[in-house]
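Take a look at the structure below.
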Amino acid sequence: MLNSQQLSDYQRDGFLVLENFTSHADCDALLTRTAELVAAFEPPQKNEQKSIFSTLEQEQTSDDYFLESGDKVRFFFEQDAFGDDGALRQDKFDSINKIGHAMHDLDPVFDAFSRQAGLDEIARGAGLTEPLLLQSMLIFKPPRIGGEVVWHQDATFLHTEPSRVLGMWFALEDATRENGCLWGLPGGHRMGLKSRFLRAPGGGVETITEDGSPWPENDFVPLEVAKGSLIIFDGMFPHGSAANRSAQSRHAYTLHLVDGICRYLPENWLQRDHKMPLKGFN
Ligand code: FE2
């Protein structure tokens, strides 16, 4: 449960850091399970299509492998994972950008982590009347090739009417400026939504700019946190992260929640099979 000081900080800043939220043992258990999933994943052969995720290249978020991943467990490589010869440059585990987007419903270890005690109360405290777990991602930010994530608001990608989306970002390892910690813009959740990323009527996706003004680059602050910390942030909170050129990975797990009393847009990229409706924490 958030106390009144935490609640007012969250409402003022658009984000809140909760240190020591998850035990190191629970962080490690999630990473052990992640390693098992990666070990069982067969990477594409040298001449096969590769599914890469980069926030710098939109065409990679418009392919079917990505657009159909809302109710699956799928693997996306780093932009720099493959050398000119088409082979992985680092081992497979250190080549993945992320796994997404429904481990919280499909994998028992992720399910248990995602529905651990306390999260329901936090989500309700942050303003969600009926919290529903929409999306999960294991974000690797691997050593040396972990890609930059450009400034964005999650409500650009996951929209409800009225807009009520909550991000939960679990540090599974220490996140520092060196290994690409999160950066955010305190108070920026009140700036309004700058763009919308939607499924296009003719197939694929499109980005619609609502406010083309530049981000106030110099006002973003680093959110360096220790392993086990939880950062919660509003769907309108501007954030991003630098590339990881260090020798240390920066593994994080994220959940995105929507409010069941708000309308989930049919134009959102993330859609689920009707046989797999969204569930809450229980
Ligand atoms: Fe984000």
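Some points to look at:
- For segment 246-264, the condition holds for at least one residue, the condition being that it is more than 24 Å from Ser8 (Cβ to Cβ), modelled with pLDDT of 95 or more, more than 16 Å from the ligand (Cβ to nearest atom) and of a type in the set (A, V, I, L, M, F, W, C).
- Lone qualifier among Asp9, Asp84 - being surrounded by fewer than 16 Cβ atoms within 10 Å (Cβ to Cβ) and without any contact (Cβ under 8 Å) to a residue 12 or more places away in the chain: Asp84
- Pair list, Cβ < 6 Å and 6+ apart or interchain, from segment 136-151 residues that are under 12 Å from Phe53 (Cα atoms) and within 15 Å of the ligand (Cβ to nearest atom) to residues that are in a loop (DSSP other than H, G, I, E, B) and of a type in the set (Asp, Glu): Gly147/Glu78
- Selected residue (only one of Pro238, Pro201 is out of contact with any Pro (no Cβ under 8 Å at 6 or more places or on another chain) and away from the ligand (no atom under 16 Å from the Cβ)): Pro201
- Among residues of segment 41-53 that are at positive phi, none has a Cβ under 8 angstrom from a residue that is assigned to a loop (DSSP other than H, G, I, E, B) and modelled with pLDDT of 80 or more at a sequence gap of 6+ or on a separate chain.
- Residue list for segment 161-183, restricted to those being assigned to a strand (DSSP E or B) and either of a type in the set (A, V, I, L, M, F, W, C) or within 16 Å of the ligand (Cβ to nearest atom) (or both): Val165, Leu166, Gly167, Met168, Trp169, Phe170, Ala171, Ala175, Leu182, Trp183
The values are calculated or read from the model by the stated rules, or taken from the named source; none is laboratory data. None of the values given here were measured: they were computed from a predicted structure. Here Cβ is always computed from backbone atoms with ideal geometry, including for glycine, and neighbour counts include all displayed protein chains.
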